[in-house]
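J.: There's a structure below that I have some questions on.
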Amino acid sequence: MGSINAVVDLAIEDGIAVLTVDNPPVNALSADVRAGLDDGIRRAGQDPKVEAVVIWCAGRTFIAGADITEFGKPPRDPSLPALLDTIEACPKPVVAAIHGTALGGGLETALASNWRIAAPTAKMGLPEVKLGLLPGAGGTQRLPRLVGVQPALEMITSGTPVGAKQALAMGLVDEIAEGDLKEAALAFARRAVSEGRPLRKIRDLKVDATPEVFAEFRKANARKFRGFEAPEACIQAVEAAVSLPVDEGLKRERELFMKLVSGDQSRAQRHVFFAEREVARIPDIAADTPTLPVAKAGVVGAGTMGGGIAMNFLNAGIPTTIVETQQAALDRGVATIRKNYESTAKKGRMTQEDVEKRMALLTPSLALEDLADCDLVIEAVFELMEVKKEVFGKLDRIVKPGAILATNTSYLDVNEIAASTSRPELVVGLHFFSPANVMKLLEVVRGKETSKPVVATAMKLGKTLGKVAVQVGVCHGFVGNRMLAARQREAQKLLVEGAMPWDVDRVLLDFGFPMGPFAMGDLAGLDLGWKKETSTSSTIREILNEMDRRGQKTGAGFYDYDENRKASPSPVVEKVILDFAAKQGVERRQISDQEILERCLYPMVNEGAKILEEGVALRSSDIDIVWIYGYGWPVYRGGLMFWADLVGPAVIAERMHDFQARFGDDFKVSPLLDRLAKDGGKFADLK
Ligand code: T1G
């Protein structure tokens, strides 16, 4: 309980006023924190006994930003900009003492102070752009004045924090505290007083940059910012810092902020912020459920997936044994892992020493027996139930009792696999997404026998591996791939009915996906799961494979590729499609972009509704997270089900009924979607 209010305390230590914020878990700038700081600063400014002020925080971090839960609710004074004006106007030296992460409004609070002291492990950043916002309390006006326009543009539009050393080097902090942070801040404040240092206010600093700086920055980042509103607003706010007097610039920043905060994109990105934390909560598994140790891992299969999965364990410092059946395949797998690390090292994102450290944790083997003492073994062998069952049968006999046996299957029935072992309660699906060492999504497939400690262990392992783990139930394709199948089915049908691959890809690319389904197919290889012996030209994809057009790797697939793998629409493919449609007796027609979009996405929403009805996903926001982290759904659209709520279940259901009348039962509306349409409900409101 603080002396100012429940979350802010004011104590005077030898003439220095110490304002302490104590608002767990991250000292967010709630209305009470703002009111407490405002009151505390005013009192300290007026108290003749006080010579200087130190602002610092209890708990694990300095202020981590505005309180995101307050957005969208009626504002409560003092606003953050008003509070920062009070701090900046304080007639006595104000020192911010930073530990943990000073983020967003937290860093802005420190920028309104005269000086900043950081603990060696502290991080400072302005991540508002990740919420579809911009720093709305002076960050876009003060940071450029302190560190220069270019570093400010990078920090503000990336949202990436900087560490204490880098912050000191760029002038963002004035000192790194050796030893006790609070003592260092008090000592700094005392020196500022004894030396009679003038109160440097960042708002008084000059800032300059040519228009070319902004033009260059926009050009260099056009691809990364495609579709997002916030980065451009950030750039305009920094431009205002250069072109306008500071108070005008602050006003311009506020205007830009208010426009973003009430927009769909920020609502979507704030939804994702909370959704990606909600996925960790499994209603029937207590947060303190004991987990099993995973000190040693085993991977069966050293192909693309097995190698990528092994890299995740190595990155987390977990010794891993990887097993193949043939020496050549094993050598290839290990060489690929090393090559991936070395290319990361070449880009400067890790040192050669890191590469060697990781490789030293890897033990290649040709014998499953070498997995006997692993705590968890995951198989990434051929996607055929018989093969999976054979491997699990062997692992069940070899691997120590109590160890977890996991499958990386993308579609198959985890319950059936579990039933082929003597330890079904220890069997779980860990569905990684290719490339497994890059994609953040991990579907934790919970079998009907999988024990709660094993599920809790799998979810915790996901976090340890730097993934976003989502619990899903058993069905063909679980959540992500089951919904993807609906989109792929429609995309193929649209080709026969009148669209070309480049039409469908363009519509989904413009919607915000990183790639359309056909370009994606060419990238992954059209021959995944295709067999020459059994191919009967029954689909356009089969015909292309039969023509040796297997995608980028053969220089041609749905697209033609030049030597730099630049894609262009293919007249050959156009003819294949026209002939195929003619053979099917289909009268092709002009298909609008809107119909392409609705035909691809609405059946996915419908599949999502079925997944929720069947309990395969716990909540609609989990489906959002699956599609953002597994398939590149544009985060500024909040996820598939969030977007469906925005479009409106009634609108979607009505179109689906139309499509069903025209194209058949692939569009049969799920009872849940129909119910929401009728009742005016939303997926987000389902409990
Ligand atoms: N507001 C409200 N709640 C927050 C919060 C915030 N800013 N940050 C975290 N939480 C909650 C979070 O939901 C979770 O709750 C708990 O704290 C622990 O978080 C005007 C407008 C600080 C690096 O974007 O990046 O300032 O799930 O699980 O992994 O310019 O939280 O336990 O119920 O993430 O240790 C800008 C967002 C805001 C920082 C800690 N600031 N937070 O990570 O814990 S906008 C941010 C984070 C702004 C101004 C603008 C991380 C973290 P629960 P956690 P963590």
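Since every read-out is calculated from the coordinates, none of them should be taken as a lab result. Fair warning: this is a prediction, and the values are worked out from it, not measured in the lab. Every residue, glycine as well, gets a Cβ built from its backbone with ideal geometry; the counts of neighbours run over all protein chains shown.
J.: Could you grab the relative contact order for the chain? Cα pairs under 8 Å, six or more apart, rounded to a whole percent. Present the calculation step by step, with values, prior to reporting the outcome.
T.: Numbers: 1273 pairs, mean separation 58.1, N = 687.
Once normalised by length, the contact order is 8 percent.
J.: Sticking with this one: What spacing in nm lies between the two simple spin-label points modelled at residue 286 and residue 354, each 7 Å away from Cα in the Cβ direction?
T.: Output for this residue pair reads 3.9 nm.
J.: Measuring from label point to label point, each 7 Å out along Cα→Cβ, what is the residue 366 to residue 258 span in nm?
T.: 7.3 nm
J.: List the relative contact order of segment 297-479 as a percent without decimals, with contacts defined as Cα pairs under 8 Å and 6+ residues apart.
T.: Working: 357 pairs, mean separation 36.6, N = 183.
Relative contact order, segment 297-479: 20 percent.
J.: Also: Helix 649-663 against the longest principal axis of the chain: what's the angle in degrees, Cα atoms only, rounded to the nearest 10?
T.: That works out to roughly 20 degrees.
J.: With only alpha-carbon pairs counted, each pair once and no self-pairs, how large is the Kirkwood hydrodynamic radius of segment 1-131 in angstroms?
T.: Values: mean 1/r = 0.0695 Å⁻¹.
Over segment 1-131, the inverse of the mean reciprocal pair distance is 14.4 Å.
J.: With Kirkwood's inverse mean 1/r over C-alpha pairs for Rh, give me the Rg to Rh ratio of the chain, two decimals please. Display every interim value, and only then the final one.
T.: Working: Rg = 28.4 Å, Rh = 28.1 Å.
With Rh from the inverse mean 1/r over Cα pairs, Rg/Rh is 1.01.
J.: Can you give me the angle between helix 181-194 and the longest principal axis of the chain, using Cα atoms only, in degrees from 0 to 90, rounded to the nearest 10?
T.: Helix 181-194 and the main axis of the chain meet at about 40 degrees.
J.: While we're looking at this one, here's another question. Please order 201, 49, 357 by the number of other Cβ within 10 Å, starting at the fewest.
T.: Values: 201 17, 49 9, 357 14.
Placing the least packed residue first, the sequence is 49, 357, 201.
J.: A further question on this structure: Which order do 400, 467 fall in if you start with the one that has the fewest other Cβ atoms within 10 Å?
T.: Numbers: 400 11, 467 22.
The fewest-first ordering by Cβ neighbours comes to 400, 467.
J.: Which distance in Å, rounded to a whole number, links the C-alpha centroids of segment 589-618 and segment 145-213?
T.: Each part reduced to its Cα centre gives a spacing of 49 Å.
J.: Next question, about the same structure. What FRET efficiency would be calculated for the residue pair residue 510, residue 244, taking the C-beta separation as r and a Förster radius of 25 Å, to the nearest 0.05? Numbers along the way, then the final one.
T.: Values: r = 34 Å, r/R0 = 1.37.
FRET efficiency, residue 510 to residue 244: 0.15.
J.: Still on this structure: Would you work out which of 227, 164, 90 lies farthest towards the positive end of the dipole of segment 2-261? Charges go on Cβ: Lys and Arg +1, Asp and Glu -1.
T.: The one lying farthest along the dipole's positive direction is 227.
J.: Using the count of nearby Cβ atoms within 10 Å as a rough guide to exposure, how do 12, 540 rank from fewest to most? Intermediate values should be presented prior to the final figure.
T.: Values: 12 15, 540 21.
With the fewest neighbours first, 12, 540 line up as 12, 540.
J.: Would you mind listing how long segment 457-496 runs along its three principal axes, going by Cα atoms, in whole Å with the largest first?
T.: Largest to smallest, the principal-axis extents are 46, 20, 8 Å.
J.: For segment 2-261, give me the percentage of DSSP beta bridges that are antiparallel, rounded to the nearest 5 percent.
T.: On the way: 9 of 28 bridges.
Given both bridge residues lie in segment 2-261, the antiparallel proportion sits at roughly 30 percent.
J.: Here is a further query. Report Rg (one decimal) and Dmax (nearest whole number) for segment 347-470, counting Cα atoms only, units Å.
T.: 15.1, 47
J.: Less than 22 Å apart at the alpha-carbon level, and either on another chain or at least 8 residues along: which lysines does that give for residue 682?
T.: 73, 610, 668
J.: Applying 1/(1 + (r/R0)^6) with R0 = 25 Å to the Cβ-Cβ distance of residue 565 and residue 216, what FRET efficiency is obtained, to the nearest 0.05?
T.: Details: r = 27 Å, r/R0 = 1.07.
The pair residue 565/residue 216 has a calculated efficiency of 0.40.
J.: On to the next question. If you take the charge dipole of the chain about its Cα centre, with +1 on Lys and Arg Cβ and -1 on Asp and Glu Cβ, which of 439, 681, 495 is farthest toward its positive end?
T.: Going by the Cα projections, it comes out as 439.
J.: How large is Rg/Rh for segment 499-583, to two decimals, with Cα atoms and a Kirkwood Rh?
T.: Working: Rg = 12.5 Å, Rh = 13.0 Å.
Radius of gyration over Kirkwood radius for segment 499-583 works out to 0.96.
J.: While we're here: Run the numbers for residue 531 and residue 592: contour at 0.36 nm per residue of separation, minus the present Cα-Cα distance, in nm.
T.: Numbers: separation 61, 0.36 × 61 = 21.96 nm, distance 3.43 nm.
Between residue 531 and residue 592, full extension yields an extra 18.5 nm.
J.: Given 400/531; 347/440; 346/394; 130/347, which pairs have Cα atoms separated by over 28 Å?
T.: Numbers: 400/531 38 Å; 347/440 20 Å; 346/394 40 Å; 130/347 25 Å.
In this structure, 400/531; 346/394 lie more than 28 Å apart at Cα.
J.: Just how large is the dipole of the chain about the Cα centre, in debye to the nearest 20, putting +1 at every Lys and Arg Cβ and -1 at every Asp and Glu Cβ?
T.: On the way: 85 positive and 92 negative charges, 92 e Å.
Roughly 440 debye for the chain.
J.: In addition: Amide H neighbours of residue 12 under 5 Å, counting only residues 5+ apart in sequence or on other chains, H built in-plane at 1.01 Å?
T.: Those qualifying (amide H under 5 Å, at least 5 residues apart or on another chain) are 18.
J.: Run the numbers on segment 2-261 and let me know its relative contact order in percent, using alpha-carbon pairs under 8 Å that are six or more apart.
T.: Details: 522 pairs, mean separation 44.8, N = 260.
This gives 17 percent for segment 2-261.
J.: Sticking with this structure for a sec: Restricting the calculation to Cα positions, tell me the Rg (one decimal) and the Dmax (whole number) of segment 2-261 in Å.
T.: Calculated on Cα positions, Rg and Dmax stand at 17.4, 56 Å.
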